[in-house]
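**Student:** Input: one structure, supplied below.
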Amino acid sequence: MSLGWTGILASHCKLVQSQSGRSFCRWISSAVQRGSNYAELNQADVAAFTDILGSGGVVQDETALDAANEDWMGKYKGNSKLLLRPKTTQQTSDILKHCNDRRLAVVPQGGNSGLVGGSVPLFDEVIVSFASMKRILSLDKVNGALTCQAGSTLQELDDHAREHGFLMPLDLGAKGSCQAGGFVSTNAGGLRFLRYGSLHGSVLGLEAVLADGTILNSMQTLPKDNTGYDLKQLFIGAEGTLGLITAVAIRCPFASTSTNLAYLACESYEAVTEVYRRARRELGEILSAFEFLDRQALELTKQHLENVKDPLPSTNTQFYLVVETSGSNAEHDMAKLEGFLTDAMEEGLIADGTIAQDTGQAQGIWGLREGISVALRHAGATYKYDLSLPPPALYTMVEVMRQRLSHHDVRVVGYGHLGDSNLHLNISSADWKEEVRKEIEPFVYEWTAEHGGSISAEHGLGQMKPECIRYSKSPEMVGMMHRVKDLFDPNHILNPYKLLPQRTQ
Ligand code: FAD
Ligand code: 2HG
Ligand code: ZN
């Protein structure tokens, strides 16, 4: 697969005025340049880092650097010569103090599962990995507050929480690799968002190190604290541009004792949205996930992932739903779900369906849904978009794109968190082709903004689309973000070229 896209993707854009008076950016193909204000790494820097971390925490090995320079999709590749692995908050602070004094640019890296190139360098930025900060620190058995170091993976945290009757308030396909610092920094959404909401609500506290080495500790574990500005919120979704998160406190709900999972087939998108509306109304408090995939997503996943089984092999509808309920009374929950499904079937909204009979079947259904991104990776190059759109417009986007790209040899795939109005639009092609990208962008962003959506529902902006933030945020909001950045990181050493657009003045 070609990796030569970074320069093109990290293009600048110029502002143009739309008819509605809103400012949009349009691509011009000038690649981002390495900031001339950044120093180049030298032997004295390596010696200073070795003093801080010992030789085990300073990685210059080519194989390890190759892996850390490249993102999960194989789409972005940087050229860092140094990977640092702190074990403590104090070491992280000492590293940043040195980098700030020397003007060395830094990329924080968690599980490197991000989908917008935020976790890899563009040039020679020093990579700070949290892989050696994996300790789970505490779990309050009464209120479910769990504290951990930033490098703990979501799977490890969920396993630990479940041992004590709780679960993590988020779940996603990359749970085996993504880390607390990474999912908090991206404000990841995932499969449990519908039930437990955003990390802006679940994160109770965090500890972050600012560019100059200052440690900001707000590791409170109580849900209420109204003493002044809630600074921790700024780090949630900041994609490593304001500080390095070293520890997190997160509120874990009790795990439900009764969970059901249904896999449903629908003929039309209208039926899908009606099933969703009724699920909210009729399943109410026990509805815990409402995901959808289209036939193209299903076919592609079956083609590329051998271990995925089609739960409804004899149906041939355009849409499939994964509907989960979680409650505390198995009989009541099942009766509610069955009643809801029977009504929807009798009214022709659902063409066919199955309810998982055991955990193995449930895992199979989730495996299919979570496997779509992995299958897309196997299929070649993917033009990946993660959009918030109002439910009526959500699938129109997929149809419009399919029509627009009909003269190209690509597969347009739509799936996502329908219950959160979050579409994952993926265009799969054997290879990257710049002419295809140009037909997708900026159209996809303009269309989304015109329909009142957001160009990033959950994956963030990273290096893929910092210039396009203006489709979703006003000039005043972007200006204020620049001022916050200046305050937290005056020398702009933290994750440069990501999230924020280049300044226009
Ligand atoms: P990384 O990829 O390493 O980093 C992500 C960003 O956070 C980067 O900007 C990085 O610089 C920064 N960062 C990392 N660690 C720190 C730290 N300690 N301090 C400060 N900044 C830091 N996302 C969703 O929202 N929902 C999904 O359902 C979902 N499913 C996925 C499924 C798959 C198969 C994959 C590969 C990805 C998926 N993602 C999903 C995308 C991704 O955002 C999440 O996996 C996760 O949030 C990234 O965590 P990470 O530890 O891998 O972070
Ligand atoms: C998901 O919901 C993830 O599966 C990944 O957010 C989406 O790969 C994608 O486009
Ligand atoms: Zn998602």
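**Student:** Cβ-Cβ under 9 Å, sequence separation 6+ or interchain: first residue in the stretch 405-423 and within 23 Å of GLN303 (Cβ to Cβ) and within 16 Å of ligand 1 (Cβ to nearest atom), partner assigned to a strand (DSSP E or B) and of a type in the set (S, T, N, Q). Which pairs?
**Tutor:** Once the first residue is within 23 Å of GLN303 (Cβ to Cβ) and within 16 Å of ligand 1 (Cβ to nearest atom) and sits in the stretch 405-423, its partners that are assigned to a strand (DSSP E or B) and of a type in the set (S, T, N, Q) give VAL413/THR382; VAL413/ASN426; VAL413/SER428; GLY414/ASN426; TYR415/ASN426; GLY416/ASN422; LEU423/SER388.
For (1) buried (at least 18 other Cβ atoms within 10 Å of the Cβ); (2) on the phi < 0 side of the Ramachandran plot, each residue gets a yes or a no:
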| site | (1), (2) |
| --- | --- |
| ASP230 | no, yes |
| GLY240 | yes, no |
| ILE245 | yes, yes |
| GLU267 | no, yes |
| GLU274 | no, yes |
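**Student:** Any chance the stretch 188-210 includes a residue that's within 16 Å of PRO86 (Cβ to Cβ) and free of Cβ contacts under 8 Å to residues at least 40 places away in the same chain?
**Tutor:** Scanning the stretch 188-210 turns up at least one residue that is within 16 Å of PRO86 (Cβ to Cβ) and free of Cβ contacts under 8 Å to residues at least 40 places away in the same chain.
**Student:** Ok, one more. If a residue has to be of a type in the set (D, E, K, R) and in a loop (DSSP other than H, G, I, E, B) to count, how many in the stretch 373-419 make the cut?
**Tutor:** Narrowing the stretch 373-419 to residues of a type in the set (D, E, K, R): 377, 384, 386, 399, 402, 404, 409, 411.
Still in the running and in a loop (DSSP other than H, G, I, E, B): 409.
Selection size over the stretch 373-419: 1.
**Student:** Please list, ordered by residue number, the helices (runs of 4 or more DSSP H) wholly in the stretch 174-240 having 1 or more residues that are modelled with pLDDT of 95 or more and within 16 Å of ligand 3 (Cβ to nearest atom).
**Tutor:** Details: elements: 180-186, 193-196, 199-202, 232-235.
Passing ranges, in order: 180-186, 193-196, 199-202.
**Student:** Within the stretch 331-345, is there a residue that is within 24 Å of GLY414 (Cβ to Cβ) and without any contact (Cβ under 8 Å) to a residue 60 or more places away in the chain? Walk me through it before giving the result.
**Tutor:** Within the stretch 331-345, the subset within 24 Å of GLY414 (Cβ to Cβ) is 341, 344-345.
Adding the requirement that they be without any contact (Cβ under 8 Å) to a residue 60 or more places away in the chain leaves 345.
Yes, the stretch 331-345 contains a residue that is within 24 Å of GLY414 (Cβ to Cβ) and without any contact (Cβ under 8 Å) to a residue 60 or more places away in the chain.
**Student:** Return only the number of the condition from (1) over 30 Å from LEU312 (Cα atoms); (2) of a type in the set (D, E, K, R); (3) part of a loop (DSSP other than H, G, I, E, B) that GLU458 does not satisfy.
**Tutor:** Just one mismatch for GLU458, condition (1).
**Student:** Which one of ASN143, ASN100, ASN79 is more than 27 Å from TYR497 (Cα to Cα), touching a residue at least 24 places away in the same chain (Cβ under 8 Å) and surrounded by fewer than 23 Cβ atoms within 10 Å (Cβ to Cβ)?
**Tutor:** On the way: ASN100 fails: more than 27 Å from TYR497 (Cα to Cα); ASN79 fails: more than 27 Å from TYR497 (Cα to Cα).
Just one listed residue meets the conditions, ASN143.
The values are calculated or read from the model by the stated rules, or taken from the named source; none is laboratory data. Note that this is a predicted model, so its numbers are computed, not measured. All Cβ positions, even for glycine, are placed from backbone atoms using ideal geometry, and neighbour counts span all protein chains on display.
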